[in-house]
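Structure record follows, encoded as structure tokens.
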Amino acid sequence: MTRITAQPGIMDIALYQGGQSYLAGVSDVLKLSSNENPLGPPPSAMQALSDAAGGMHLYPSTDHASLRAAIGEVWNVDLDRVICGVGSDEVLQFVTQAFAGPGDEIIYTEHGFSMYPILTSMAGATRVCVDEHERVVDVDAILTAVTENTRVVLLANPANPTGTMLPVEELERLADGLPDYVILVIDGAYAEFSDGYDGGISLARDRSNVLVTRTFSKLYGLGGLRVGWGYGPREMMDVMNRIRQPFNLSVVQLAAAEAAVRDRDWLDTCIALNSEQRARLTGALRQLGLACDESHANFVLARAADSTEADAAEAALNAAGILVRRVAGYGFPEGLRITVGNAEQTGRVIEALTQWREGAAA
């Protein structure tokens, strides 16, 4: 019998399941299960990566100064208040690990990103899951759940997998209503897809207990490289940088991300495409009798009448070579999360679901 045991909370973690990317017997799979950019990375980032490849034998910078400077310039933030990680997931891990532990509580909401309970257990903290109201985060429910043991509130805005979001005034009310010993983390993985929204940066700029996180995996098309960043108070950055691995990002990651964040024309093209096709997909789903909220992200959560109907819709999509994401683990056994693709890809989804509806009605 081994005497090696895991730390408390670790064995409570269910393994994260990424979006499916394979269909047996199908060569032309349309993957709409992971909210990836249908246009891919900007050519400028691909060129920067290629140029940087010759320096792969050299260690990268430990302070990510050039990338942080680019983020500071583009987003008008103090680079000394920016931290970079292996995707925004690692930045979320920094804050939970640095500021919560056994005996502490971390709050997240019932349909929140599935990494939140995982990160809570990794820190050895207690999970506190609060209800949402019609698939939207409920500020009052969060404030009611706060105790003297609460240390962190994890909140995605726009949310995954619902695509819903809190208006800025509600975010402000939440931030102002939290005690000063509780950190509000605004996960902005999809913030760029919501017109006029800064992802909580203005809140973090003026408050001592607000951290925002962003990723290069969605709009920027760098999911395969894994780069993210966070912005918050200097004092918070000082703590988090002490547990960050000094060489957590490679030379090619840093180069590609810096080029991507500066490529405003490419990003504007991607945002415009997403907005157009998101509206098209949402309208078609509703016409087909699949409920969906207004999405502020690069995906739409379609809700069938029940799990049986969702099974049938997914089977029809799979038969057409299309992969979407079932989100029963998020509390939606009837849900299909569909990434917004380009015009041709969106057309394939609509055609497959239309044929399914017509076949079911025949």
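Throughout, read-outs are computed from the coordinates displayed, never taken from laboratory work. In this text, all values refer to a predicted model and were calculated from it rather than measured experimentally. Reconstructed Cβ throughout: ideal geometry from the backbone, glycine too, with neighbour counts over all protein chains shown.
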> For the range 44-160, what is the charge dipole size about the Cα centre, in debye to the nearest 20, if Lys and Arg each add +1 at the Cβ and Asp and Glu each add -1 at the Cβ?
Replying inline: 300
> Nearest 0.05, what FRET efficiency do S275 and R3 give at R0 = 41 Å with Cβ-Cβ as r?
Replying inline: 0.10
> How high is the relative contact order of the chain, given as a whole-number percent (alpha carbon pairs under 8 Å, six or more residues apart)?
Replying inline: 24
>> To the nearest 20 Debye, how big is the dipole of the chain about its Cα centre, given +1 on the beta carbon of each Lys and Arg and -1 on that of each Asp and Glu?
In response: 920
>> Within the range 323-352, list the residues whose amide N lies under 17 Å from a label point set 7 Å along Cα→Cβ of D131.
In response: 331-332
>> At 7 Å along Cα-to-Cβ for each site, give me the label-to-label distance between E110 and A343 in nm.
In response: 4.1
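From the P(r) of the range 1-134, could you give the percentage of C-alpha pairs in the tail past 17 Å?
Values: 6781 of 8911 pairs.
That fraction is 76 percent.
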> Do any GluC sites (Glu not before Pro) in the range 280-354 lie in a DSSP loop with no more than 14 other beta carbon atoms within 10 Å, and if so, which?
Replying inline: E294
> Quick one: length gained pulling N149 to T308 fully straight, 0.36 nm per residue minus the C-alpha distance?
Replying inline: 53.1 nm
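Sorted by mean Cβ packing within 10 Å, highest first, what order do the peptides 133-139, 262-268 take?
133-139, 262-268
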>> Could you tell me how far the Cα centroid of the range 50-89 sits from the Cα centroid of the range 245-269, in Å?
In response: 7
> Which of A204, V95, P8 sits closest to the plus end of the dipole of the chain, meaning its Cα is farthest towards the positive end, when Lys and Arg get +1 and Asp and Glu get -1 on the C-beta?
Replying inline: P8
> When the helices in the chain are scored as -39500 (n - 2.57) per DSSP H run of 4 or longer and the sum is shared across all residues, what 222 nm value do you end up with, to the nearest 500 deg cm²/dmol?
Replying inline: -12000 deg cm²/dmol
> So how far apart, in nm, are the two label points at Q355 and D195 if each is 7 Å from Cα heading toward Cβ?
Replying inline: 3.4
> How far is helix 43-52 tilted, in degrees, relative to the longest principal axis of the Cα atoms in the chain, given as a value from 0 to 90 rounded to the nearest 10?
Replying inline: 50
> For S202 and V29, FRET efficiency with R0 = 35 Å and r from the beta-carbon atoms, rounded to 0.05?
Replying inline: 0.30
> Once you put a point 7 Å from the Cα of A315 and another 7 Å from the Cα of A291, both along the Cβ direction, what distance in nm separates them?
Replying inline: 2.4
